[in-house]
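The structure appears below as structure tokens.
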Amino acid sequence: VTGALVDSSMFGATFPRLDVATTVGGGDIRVDTMGSFANLDPAIVTNNTRVAGMLNGTVDAETTIRKYVAGVTVDSIDVAGRVDLGPSTIGELAIDSAVVDGQYANRQGQIRQLAIAGADVNVTAQGAIALNETGSSNLTVHAESAALERIGEIIGQPIKGAAIIDATVTGNARDLRAAGMLTGSNIGHGANEALTVSSTFSAVMPNLAPAETRVEASTMATFLEVGGQTINQLTADTTYIPAGPGENGGRVDFKAVAQQGVRQLAAGGSVVFD
């Protein structure tokens, strides 16, 4: 079945022209879509008012639902194609342009190009991602924002300042890993903030279970305002260890040195979260 939608609307968006070709056979259904859209509100699609905005762009994609009669799951959907965005907004976040070009099938995919550019955020990513037990991920990500408060409004956290993150994702569903570095300036959360922050970090997520993720970081921050106190410099090695059997929450092991004027305090230990 082939057809064209002209001057149509869906999800609150308008589609000047959308060419659609649908193929059904062998228990699978494949839909090829190519066209443009305008005024697409992410809040309507995701049912999340924090991402209310307006997306404008074009799409050229092929989506296959394998064995659709048995029900649709993440594992039964294959997607390949490209989406280009023009000037758009997500919440208060302004995007000048964005490109997503890649493919995903059988729990593994390839991001040929991911690029988001705007006054508040710039993101690039490229490489393979494997969420099965046999593949191997090799995804590099660069993200920077000069207005973290815009992102904080979307995720519901009072963060602020500017930050740059470079990370590499490796492994697969058995042992997914990420490692990289974060640098920030005038970065903060609520009433706590630091003039500069630099941190190297690594995270391990076994069996794609977020609750089992272990995170390690080595961090240095200067000129902090924490709990009404001014700290000239803080260095810390921290490790978050997820809860084990019979435990209500995880813990953070830490070793830190804080300097305030001529005074210095070294501390180490564990914080257990119930």
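The values are calculated or read from the model by the stated rules, or taken from the named source; none is laboratory data. Quick caveat, the model's predicted, so the values are computed rather than measured. All Cβ positions, glycine included, derive from the backbone under ideal geometry; neighbour counts span all protein chains shown. Side chains included, ligands, DNA and RNA excluded: accessible areas come from the protein's heavy atoms. Shrake-Rupley method; radii C 1.70, N 1.55, O 1.52, S 1.80 Å.
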Tally, over segment 39-90, of residues that are under 20 Å from Asp101 (Cβ atoms) and of a type in the set (Ser, Thr, Tyr):
4
Are any residues in segment 128-148 crowded, with 17+ Cβ neighbours inside 10 Å and closer than 30 Å to Met54 by Cβ, and if so, which ones?
Ile129, Leu139, Val141, Ala143, Ser145, Ala147, Leu148
Failed condition for Ala173, given (1) modelled with pLDDT of 95 or more; (2) open to solvent by less than 50 Å² (accessible area, probe 1.4 Å); (3) touching a Leu at 6+ places or on another chain (Cβ under 8 Å); (4) of a type outside the set (S, T, N, Q), with all others met?
(1)
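Pull up segment 203-227, narrow it to residues that are in contact (Cβ under 8 Å) with a residue 12 or more places away in the chain and assigned to a loop (DSSP other than H, G, I, E, B), then point me to the one that is most open to solvent (accessible area, probe 1.4 Å). I'd like the intermediate steps shown before the answer.
First, the residues of segment 203-227 that are in contact (Cβ under 8 Å) with a residue 12 or more places away in the chain: 203-208, 211-227.
Applying the additional criterion that residues be assigned to a loop (DSSP other than H, G, I, E, B) yields 207-208, 213, 227.
Values: Asn207: 103, Leu208: 56, Thr213: 23, Gly227: 71 Å².
This residue is Asn207.
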For segment 95-109, does any single residue satisfy the condition of being part of a strand (DSSP E or B), farther than 26 Å from Phe15 by Cβ and among the polar types (S, T, N, Q)?
yes
Going through segment 68-80 one residue at a time, which ones are at pLDDT 90 or above and over 20 Å from the mean Cα position of the chain (by Cα)?
Ile77, Asp78
Restricting attention to segment 152-170, which residues are among the aliphatic types (A, V, I, L, M) and open to solvent by 50 Å² or more (accessible area, probe 1.4 Å)?
Ile155, Ile164, Ile165
Per the filter on segment 24-46, residues under 11 Å from Thr64 (Cβ atoms) and surrounded by 14 or more Cβ atoms within 10 Å (Cβ to Cβ) are Asp28, Ile29, Arg30, Val31, Asp32
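Look at Thr222 and say whether it is touching a Phe, Trp or Tyr at 6+ places or on another chain (Cβ under 8 Å) and polar (S, T, N, Q). Talk me through it step by step, then tell me what you get.
On the way: touching a Phe, Trp or Tyr at 6+ places or on another chain (Cβ under 8 Å): no; polar (S, T, N, Q): yes.
Spelling it out, it is not the case that Thr222 is touching a Phe, Trp or Tyr at 6+ places or on another chain (Cβ under 8 Å) and polar (S, T, N, Q).
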Here are the criteria: (1) surrounded by 11 or more Cβ atoms within 10 Å (Cβ to Cβ); (2) among the β-branched types (Val, Ile, Thr); (3) farther than 23 Å from Ser137 by Cβ. Tell me which single one Val262 does not satisfy.
(1)
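Pick out the one residue from Val83, Val79 that is closer than 21 Å to Ala38 by Cα and in a strand (DSSP E or B). Working first, answer last.
Numbers: Val79 fails: closer than 21 Å to Ala38 by Cα.
After ruling out the rest, the residue left standing is Val83.
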Subset of segment 228-255 [in a strand (DSSP E or B) and touching a residue at least 24 places away in the same chain (Cβ under 8 Å)]
Gln229, Thr230, Ile231, Asn232, Gln233, Leu234, Thr239, Tyr240, Ile241
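From the list Ala143, Ala162, Ala179, Ala194, pick out the single residue that is closer than 21 Å to Pro242 by Cβ, assigned to a strand (DSSP E or B) and free of Cβ contacts under 8 Å to residues at least 60 places away in the same chain. Quick ask: steps written out before the conclusion?
Values: Ala143 fails: closer than 21 Å to Pro242 by Cβ; Ala162 fails: closer than 21 Å to Pro242 by Cβ; Ala194 fails: closer than 21 Å to Pro242 by Cβ.
Step by step, each of Ala143, Ala162, Ala179, Ala194 is checked, and only Ala179 is closer than 21 Å to Pro242 by Cβ, assigned to a strand (DSSP E or B) and free of Cβ contacts under 8 Å to residues at least 60 places away in the same chain.
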At pLDDT below 95, of a type in the set (A, V, I, L, M, F, W, C) and more than 30 Å from Thr63 (Cα to Cα) - does that describe any residue in segment 124-145?
no
Within segment 116-127, restricting to residues that are open to solvent by 30 Å² or more (accessible area, probe 1.4 Å) and of a type in the set (Gly, Ala, Ser), the one that is nearest to Asn207 (Cα to Cα) is Ala117
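Go through segment 53-73 residue by residue and tally those that are open to solvent by 70 Å² or more (accessible area, probe 1.4 Å) and part of a strand (DSSP E or B).
Qualifying residue count, segment 53-73: 3.
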